[in-house]
Amino acid sequence: MPLFRAESVRALDRLAIEAHGIDGYDLMRRAGRRAFEVLRGRWPEARALTICCGGGNNGGDGYVLARLAGEAGLLVQLIAMKAPDELSGTAGQAARDWLASGGTIEGPDERLRGDVVVDALLGTGLDRPVRDDYARLIDHINDTGRPVLAVDVPSGLNADTGMPLGHCVRASATVTFIGRKRGLHTGQAGRWCGKVLFDALETPPEIRASLAPDAELLSATQLERWLPPRAADTHKGDLGRLLIVGGNRGMAGAPILAGRAALRAGSGLVTLATREENATVAPAIQPELMSHGVETLEAFAPLVDRADVLALGPGLGQDDWSQALWRAALDSDRPLVVDADALNLLAKQPARRGNWILTPHPGEAARLLETGVADVQADRFAAVAALAERFDAVVVLKGHGSLVAAQGATTAVCPYGNPAMASAGMGDALTGIVAAMLGQGLSPFDAACCGVLAHALAGDRAARGRRQILAGDLIASIPNVLPA
């Protein structure tokens, strides 16, 4: 599913009007009608609405919704940030139709009386922090504690980055139109958007096909394309020989979690290269894992030679032992998945390699880019693109709305996952899953997308009805989300 920047969505709107002859006011009426249908479907018990309208087309959508709600017999309080006679174009027409239907208008200082609040204040054109009357009204909306429906985008949210511009409406649901906005699916969007619903407003599909998307939303159905049914004579050697490198002193569990996840995700053979003192731990926990104590490069080299893919980083540490294995792995010709302390070592000794996948969280990404976490989160799309270019890599930027990027590829956004996954070991599980997909023959970009998708879906399955899950819970759920 294509995702677009706000400016691209405005271009789609113009294409619908200019190239396909759809009347602009008709589009606005469709948007208002669809928003009203969503509101009635989600809050059927509501008898009174407060609709907050700004001075642009987003406000026009709110005026249409208000008129429909009044015609349906609901009590409507309409808060206007701009006098109707100051509105132009289709927004002005919508405001006049509201007044002609007998509607009235109140100022932004009034008490909000509706059972549900509709946010139609600021649309996708916002590019600076919210201030003054708009900021005060947004805070007032949030302070009511009532359900909020945001029209197109929560007011104050940057539709390109998913980050608030100062004050931002906290919506219970957001209904968005014409084209999916990429910022509604990553960054802090989950805090502000609530449930995101999309409606193309009956615009021709060819308008979206005519513009290159700025990103793409991953879908659970893609797993079947990446993981087709196996041939009847498949054997374990066909499914990848994976070597997981890590498990320094005191960190034996991390490579074991990665190995268990890789086995559940379909790897044929999984071996751990770890500290000698940890070598017997893995088989005792998971007998299907092979484990070798490696204290010298001479002991490490044969394991690399036998592997198809290396996963580098879970519990690796940053001491002399860690650095030696890290350098030997980078110098090999094997495809790599790089995570955790292997990324921290990379930040200290940058390298461009090709044929590798980096999986940083925002803190690791900040170190790799020599910047701060806030800078990474301010524009995750820019950060993941910069990482892909700097290291000539496929990069997974983890977090809400994990991103997958590579040079020359459209950035992929994962819409799955949940806050119950905020626990130790989740990144180790992801490393194992992604490496398993790479070992089964997927390209690095597809392996990253498939692994991120499977990881998030397994987390969602494990988290049903639970506030917190462990990495082991997610790993146990992997077979439930992969195609047979």
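The values are calculated or read from the model by the stated rules, or taken from the named source; none is laboratory data. None of these values were measured; they are calculated from a predicted model. All Cβ positions, even for glycine, are placed from backbone atoms using ideal geometry, and neighbour counts span all protein chains on display.
The condition of being in contact with a helix residue (DSSP H, G or I) (Cβ under 9 Å, 6 or more places away or on another chain), closer than 28 Å to GLY194 by Cα and among the acidic types (Asp, Glu) holds for only one of ASP119, ASP97, that being ASP119.
Considered as a group, the residues in region 332-365 that are free of Cβ contacts under 8 Å to residues at least 40 places away in the same chain and in contact with an Asp or Glu (Cβ under 6 Å, 6 or more places away or on another chain) include one that is nearest to ASP392 (Cα to Cα), and that residue is GLY354. Looking at ASP160, is it among the acidic types (Asp, Glu), within 29 Å of TYR416 (Cβ to Cβ) and in contact with a Ser or Thr (Cβ under 8 Å, 6 or more places away or on another chain)? No: the conditions fail for ASP160.
Just for region 308-333: of the residues that are of a type in the set (A, V, I, L, M, F, W, C) and more than 32 Å from the chain's Cα centre (by Cα), which one is nearest to GLY441 (Cα to Cα)? By that ranking, first place goes to ALA328.
Of the helices (runs of 4 or more DSSP H) lying entirely inside region 1-74, not one carries at least 3 residues that are modelled with pLDDT of 95 or more, surrounded by fewer than 22 Cβ atoms within 10 Å (Cβ to Cβ) and not assigned by TED's automatic domain parsing to the domain that holds GLY183. In region 232-316, counting only strands (runs of 3 or more DSSP E) that sit wholly within it, the ones holding 1 or more residues that are assigned by TED's automatic domain parsing to the domain that holds GLN440 and hydroxyl-bearing (Ser, Thr, Tyr) span 269-274, 290-293. Residues of region 267-308 that are more than 26 Å from ASP238 (Cβ to Cβ) and among the basic types (Lys, Arg): ARG275 alone. The single condition among (1) surrounded by fewer than 16 Cβ atoms within 10 Å (Cβ to Cβ); (2) more than 30 Å from VAL481 (Cβ to Cβ) that ALA220 does not satisfy is (2). In summary, ASP139 fulfils each of the numbered conditions (1) charged (D, E, K, R); (2) over 22 Å from ARG67 (Cβ atoms); (3) assigned to a loop (DSSP other than H, G, I, E, B) with the single exception of condition (3).
Of all the listed residues (GLY32, GLY73), the sole one being within 22 Å of VAL116 (Cα to Cα), touching a Leu at 6+ places or on another chain (Cβ under 9 Å) and either in contact (Cβ under 8 Å) with a residue 24 or more places away in the chain or not polar (S, T, N, Q) (or both) is GLY32. Among the residues of region 114-133, those identified as in contact (Cβ under 8 Å) with a residue 40 or more places away in the chain and either assigned to a loop (DSSP other than H, G, I, E, B) or within 28 Å of the chain's Cα centre (by Cα) (or both) are GLY114, ASP115, VAL116, VAL117, VAL118, ASP119, ALA120, LEU121, LEU122, GLY123, THR124, GLY125. Scanning region 169-186 for residues that are within 21 Å of ALA11 (Cβ to Cβ) and either hydrophobic (A, V, I, L, M, F, W, C) or outside any strand (DSSP E or B) (or both) yields VAL175, PHE177, ILE178, GLY179, ARG180, ARG182, GLY183, LEU184, HIS185. Just one of (1) within 30 Å of ASP379 (Cβ to Cβ); (2) in contact (Cβ under 8 Å) with a residue 60 or more places away in the chain fails for ALA265. It is (1). Taking region 250-307 on its own, how many of its residues are among the hydroxyl-bearing types (Ser, Thr, Tyr) and surrounded by 22 or more Cβ atoms within 10 Å (Cβ to Cβ)? The qualifying residues number 3. Return a yes/no flag: does region 336-345 have any residue that is assigned by TED's automatic domain parsing to the domain that holds VAL245, surrounded by fewer than 18 Cβ atoms within 10 Å (Cβ to Cβ) and not in a loop (DSSP other than H, G, I, E, B). No, there is no match, as no residue in region 336-345 is assigned by TED's automatic domain parsing to the domain that holds VAL245, surrounded by fewer than 18 Cβ atoms within 10 Å (Cβ to Cβ) and not in a loop (DSSP other than H, G, I, E, B).
Criterion applied to LEU137, LEU122, LEU165 was being within 25 Å of PHE4 (Cβ to Cβ) and surrounded by 24 or more Cβ atoms within 10 Å (Cβ to Cβ), and the one residue passing it is LEU122. Restricting the first member to region 374-386 and to residues that are charged (D, E, K, R), and the second to residues that are assigned to a loop (DSSP other than H, G, I, E, B), the beta-carbon pairs closer than 6 Å and six or more apart or on different chains are ASP379/THR161; ARG380/THR186; ARG380/GLY187.
Applying the condition of being of a type in the set (Gly, Ala, Ser) and over 28 Å from GLY24 (Cβ atoms) to region 163-193 and asking which residue is nearest to the chain's Cα centre (by Cα) yields GLY187. Does GLU110 satisfy the condition of being surrounded by fewer than 22 Cβ atoms within 10 Å (Cβ to Cβ) and assigned to a loop (DSSP other than H, G, I, E, B)? Considered against the rule, which asks whether it is surrounded by fewer than 22 Cβ atoms within 10 Å (Cβ to Cβ) and assigned to a loop (DSSP other than H, G, I, E, B), GLU110 comes out as yes.
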